[in-house]
Amino acid sequence: MTPRRLLLLATAALLPQVAQAQQRGIRTTPRTPLLIPGKTTLFQRVILRPGATLHAQPSAPQGSPLAGFTVAHVYARRDGWIEIGREADGQVQGWVREDRAIDWRHTMVGAFTNPAGRERAMFLRDADALRGLLASPTMTQDAVALRAAAGQPGSPVLALEPETFIDIQRNFYLLPILEAETVQRRDGTQMRALEVISAPAELRQAPTQADPSRLRDFRGGVVFVIDSTVSMQPYIDRTREAIRRIVARIGDTAVRDNFRFGMVAYRADISARPALEYVTRLVAAPDLSQPPAAILPALESVRAATVSTEQFDEDAIAGLRVAIDQVDWSAFGGRYVVLITDAGALDATDPKSQTRLGIPEIKALAEARGVALFAIHLQTPEGRANHAQARAQYTELTRYGAAGSLYFPVEGGSPAGFERVVNGLTNALFRQVADTVGRPVGGVEPARTPEAERMAQQIEIVATAMRLAYLGREGGTTAPDVVRSFTTDRDLRDPTLAALDVRVLLTRNQLSDLSQALTRILDAGLAGRTDPRSFFGQLRAAFAATARDPARLGNLARVGQALGEYLDGLPYQSLVMELSEQEWLAMGAAAQRELINGIEAKLRLYQEFAARPDLWVTLDGRPGGEAFFPVPLEALP
């Protein structure tokens, strides 16, 4: 629904109250919250400290208690008091003391990454302690000593990250970031120093991963996304055989209710070659209501195409999207998707791509669903010219925290080599689920080669991450119960690993405005293909025609001026935001085209965000409140 449509509906709903108020001679102009100084669209928000009380007037003696960490809009400030309201709809609640509230200029929040394979994040008492730690040449050793002293009197450590994983997309929590600065270490590593407030809605005892009773109902689902083009029949057969072996090993054992397979087949665009039959096909979804062997007849129907595709790359991203979107992953703690192909993936700019999504976008959708992506790449002689591109795509696609890249090439593409890889991967995933639920099954071959051992080690990290995420969901794990503290977004043992993702809470209107702004930039870029010098002129004209302050955008000096104020000052580097006319002209045609293609891919990702109501949240969980999407910094333009 458009903002204009929403405004019309809201106006219609208010008409009876307006008429009554006018009859009584009451002023009916709706109130709006105060703007952040220097901003024209951003309202002041505060986070209430525990112990804040609400009063009818400033200095009124009687007050009612308010829930700590509540987020409110500021409507007025007077003599050390602020007038607040939950929403920006003009409805005020009353007054609170200014010292019982903390200003929250940016709607930035922290989101824990899965702690498997890294150290738990520490929250320190003051900024100097954190800066000293990040600047120390012995940071890793210093962090070990700090962590060991956590909980002792006088320790600078206020709290540790929960042992289990809190998935912000499934169990939203509020970890507001008040300030963020980038610290450059002597070795070149960049780490963000963050001032945060921890705001769990309800403090619960976090379950530990060592508690076996909580894992008995853990279930694992593996969906193979398999290229079924003309060259793939030997690999389809061996994948089917790997599944059949595991199904036979499950038999009537105790683990038969904890593991299921699924399969998606994909090819490429059929408009010019209808004999290809389909772009994607959900062959079978992992179904816990059926016995494990129920999938086998459906797998028998998968056959390689009888005609070749137009180009060597296939629509792998379309197949992955089916596995991510059309499988009900909510019943599974272990969520694994295995891509099997001998070709690269059509990128977001290819007109034959069904989804028009790129590798970063499909990876972001998988992360939002809690799905781990694997890739088995058949490096056949026929595809030699395509190998480097496909390797780069799938290496990036399958990066998974401390596990690294879950990319497994099969040199030469030999069916026998593929059989070893697919059997090793399938066995390792099944063994992890069986061990997790405490019901190990015999007959599963252990890793015997260095490659198989490396795969088993990586899958152990992924499986640990899945267990931690499952325990966090089932146990309702919350953020640490601290008020204000300082932490970093990187792992102190291995700064190449993220401990906290920085995200920005965008409203539906903000995401819509951002999409519209990017659309205008995209249109200007496409219109200026023949004459790049016209790009900024096109931008100025497009934004000035729709802006409240046309003069300001008529003098557009950098692209970021045309985007929302909520992006100003965020701690991320953006080529688009800082792009000036001189830099645009100096880029050259290839770099200009790459930038425009990136904007187009971001637009499609925002459409995916908007289409997923289950991933939108309200700050206090109340129905009808303003909804936000926690957009990762990396997904911003």
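Every number here is computed from the coordinates shown, using simple stated rules; none is lab data. Predicted model only: the values in this text are computed from it and were never measured. A quick note on method: Cβ atoms are made from the backbone with ideal geometry, for glycine too, and the neighbour counts reach across all protein chains shown.
Miscellaneous remarks
- Mean projection of the Cα convex hull over all viewing directions, computed for region 220-446: 11.6 nm².
- The stretch between A148 and E634 holds 171.6 nm of extra length on full extension. This uses 0.36 nm per residue minus the Cα-Cα distance.
- Amide H contacts under 5 Å for T618: F628, restricted to partners 5 or more places along the chain or on a different chain, H placed in the peptide plane at 1.01 Å from N.
- Computed from label points 7 Å out along Cα-Cβ, the spacing between Q290 and Q582 is 6.5 nm.
- Once the chain from L522 to E179 is taken as fully extended at 0.36 nm per residue, the excess over their C-alpha distance is 120.3 nm.
- 3J(HN,Hα) couplings calculated from phi for region 118-127 with the Karplus curve 6.51 cos²θ - 1.76 cosθ + 1.60 (θ = phi - 60°) are, in sequence order, 9, 7, 5, 5, 10, 10, 9, 6, 9, 5 Hz; Gly and Pro show x.
- Each 20 Å bin from zero holds the following percent of Cα-Cα pairs in the chain: 17, 46, 32, 6, 0.
- Loop-resident sites, region 563-637, for GluC sites (Glu not before Pro), counting at most 12 other Cβ within 10 Å (DSSP): E578
- Cβ crowding within 10 Å ranks R484, R533 as R533, R484, fewest other Cβ atoms first.
- Scattering profile of region 32-105 at q = 0.12, 0.13, 0.20 Å⁻¹ [log10 I(q)/I(0), Debye over alpha-carbon scatterers]: -0.27, -0.32, -0.76
- Within the chain, helix-based [θ] at 222 nm, where runs of 4 or more DSSP H residues each add -39,500 (n - 2.57), nearest 500: -10500 deg cm²/dmol
- Placing a pseudo-label 7 Å from each Cα along the Cα-to-Cβ vector at T496 and Q311 gives an inter-label distance of 3.2 nm.
- Cα centroid separation, region 306-365 to region 236-279 (Å): 15 Å
- Helix 359-369 axis versus longest C-alpha principal axis of the chain: approximately 80°, rounded to the nearest ten.
- Modelled label positions at R125 and V230, each set 7 Å beyond Cα in the direction of Cβ, lie 7.2 nm from each other.
- Tilt relative to the chain, helix 450-475 - C-alpha long axis, 0 to 90 degrees, to 10: 40 degrees
- Available extension along the chain between R533 and E411 is 39.2 nm, counting 0.36 nm per residue and deducting the alpha carbon span.
- The equivalent ellipsoid that matches the C-alpha gyration tensor of region 277-376 spans semi-axes of 24, 19, 10 angstrom, in descending order.
- Per-pair calculated FRET efficiency, R0 = 41 Å: R604 and R216 via Cβ, rounded to 0.05: 0.50
- Degrees, to the nearest 10: 139-148 long Cα axis against longest axis of the chain: 80 degrees
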